[in-house]
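Only one structure is covered here, and it is reproduced in the block below.
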Amino acid sequence: MDATSRTVAWADGARWTVDAAVFAQVTALLDGLRTAVVGLDPVLNRWEALAAKGAEIDVDALAPTEDDRAIFTAALARAVDEARQTGARPDGANVADVSLVHRLNDLHELFVTDITRR
């Protein structure tokens with residue numbers, strides 16, 4: 001992992017790593033869902049605080065409870081849908097950024113897998 005990448009890491013070794021620009025886009029998409037997804041605000045606040053501390057976010061620190069993980073998983077699902085509808089840009093520009101949608105979907109799938117393993 002270089003200084004321009006961000007990683008979300010699970011205790012079992014699963015990892016999601018993207019460059020800082022994609023991480024910022026994912027964060028912006030999730031930020032736009034604060035009022036739409038009940039309970040997202042505290043989890044997203046932890047996401048931002050952990051990201052400010054370093055390049056790696058530990059999932060156990062981000063979402064310590066099953067409820068937190070379910071909320072974040074639901075927000076990721078909604079973000080994937082919205083990214084597909086808006087051309088994958090938080091500003092709504094008509095640009096099909098397929099890579100962002102795929103990377104966002106990858107993160108969503110890791111959280112879905114995490115929830116089903118618990």
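Values quoted throughout were computed directly from the atomic coordinates according to the rules given, and no laboratory measurement underlies them. Every value quoted in this text rests on a predicted model; they were computed, and no experiment measured them. Note: ideal-geometry Cβ built from the backbone for every residue, glycine included; neighbour counts use all protein chains shown.
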For Glu56, other-chain or 5+-apart residues with amide H closer than 5 Å (H placed, Pro excluded) are Thr7
Assertion target for His108, His102, ordered by fewest C-beta neighbours within 10 angstrom first, is His102, His108
For 59-68, 23-32, ranked highest to lowest by mean beta-carbon neighbours within 10 Å, the order is 23-32, 59-68
